[in-house]
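Asks: Quick one: the structure is below, questions incoming.
The values are calculated or read from the model by the stated rules, or taken from the named source; none is laboratory data. Being a predicted model, the structure only gives us computed values, none of them experimental. FYI the Cβ positions are ideal-geometry reconstructions off the backbone, even for glycines, and counts take in every protein chain you see.
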Amino acid sequence: MSPKNLASALVKRHPELKTIGPKRLKLVKKVIEEAITFSTRDLLSPEETRAAIKRRVPDSGRPSAALRAYRGRAELTQRELATKSGIPQPHIAAMESGKRTIGLIAAKKLALALGIDYRKLV
């Protein structure tokens with residue numbers, strides 16, 4: 001299987017990646033393809049591959065990125081999410097930028113408003 005086909009298969013296995021927008025999704029696919037290429041050539045160890053991905057997509061795997069992605073998938077503005085969740089919009093903005101942590105209570109409110117499992121936000 002080619003790196004391009006494998007990257008597409010991984011994106012299909014992780015539908016949450018489709019919530020990050022077409023430009024970022026294209027970048028993620030490119031990073032996956034590069035990582036596969038490097039890994040198959042034994043140029044990078046698994047640790048080096050993870051580090052390379054982290055450099056290209058710095059907030060991947062963080063709750064702030066997940067919140068931003070799920071809000072985008074729901075096609076909600078921060079203000080609309082604030083209204084649905086009861087959490088002030090400036091707090092949501094701070095959570096998405098990583099300046100404020102998403103606590104358990106906030107995660108449950110946000111998850112209910114977004115229709116997802118709260119554990120994806122903590």
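Asks: List pairs: first in segment 93-122 and over 16 Å from L81 (Cα atoms), second hydrophobic (A, V, I, L, M, F, W, C) and surrounded by fewer than 20 Cβ atoms within 10 Å (Cβ to Cβ), Cβ under 6 Å, 6+ apart or cross-chain?
Replies: Hits for this filter: R100/A94.
Asks: Let me ask something else about it. Go through segment 12-45 and report how many residues are exposed (fewer than 13 other Cβ atoms within 10 Å of the Cβ), at pLDDT below 75 and over 30 Å from L104 (Cα atoms).
Replies: Here the count works out to 5.
Asks: Restricting attention to segment 98-112, and to residues there that are over 18 Å from A74 (Cα atoms) and not aliphatic (A, V, I, L, M), which single residue is modelled with the lowest pLDDT?
Replies: Filtering segment 98-112 down to residues over 18 Å from A74 (Cα atoms) leaves 98-105.
From the residues that got through so far, the ones that are not aliphatic (A, V, I, L, M) too are 98-101, 103.
Details: G98: 89, K99: 93, R100: 94, T101: 93, G103: 93.
So, considering only residues that are over 18 Å from A74 (Cα atoms) and not aliphatic (A, V, I, L, M), the one modelled with the lowest pLDDT is G98.
Per-residue answers, yes or no, for (1) in contact with a Ser or Thr (Cβ under 6 Å, 6 or more places away or on another chain); (2) surrounded by 14 or more Cβ atoms within 10 Å (Cβ to Cβ):
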| site | (1), (2) |
| --- | --- |
| G72 | yes, yes |
| L76 | no, yes |
| T83 | no, no |
| I92 | no, yes |
| G98 | yes, yes |
| G103 | no, no |
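Asks: Can you tell me which residues in segment 98-114 are within 16 Å of the chain's Cα centre (by Cα) and within 17 Å of T19 (Cα to Cα)?
Replies: Step one: list which residues in segment 98-114 are within 16 Å of the chain's Cα centre (by Cα), which gives 98, 101-102, 107, 110-111, 114.
Listed by number, the residues that qualify are L110, A111, L114.
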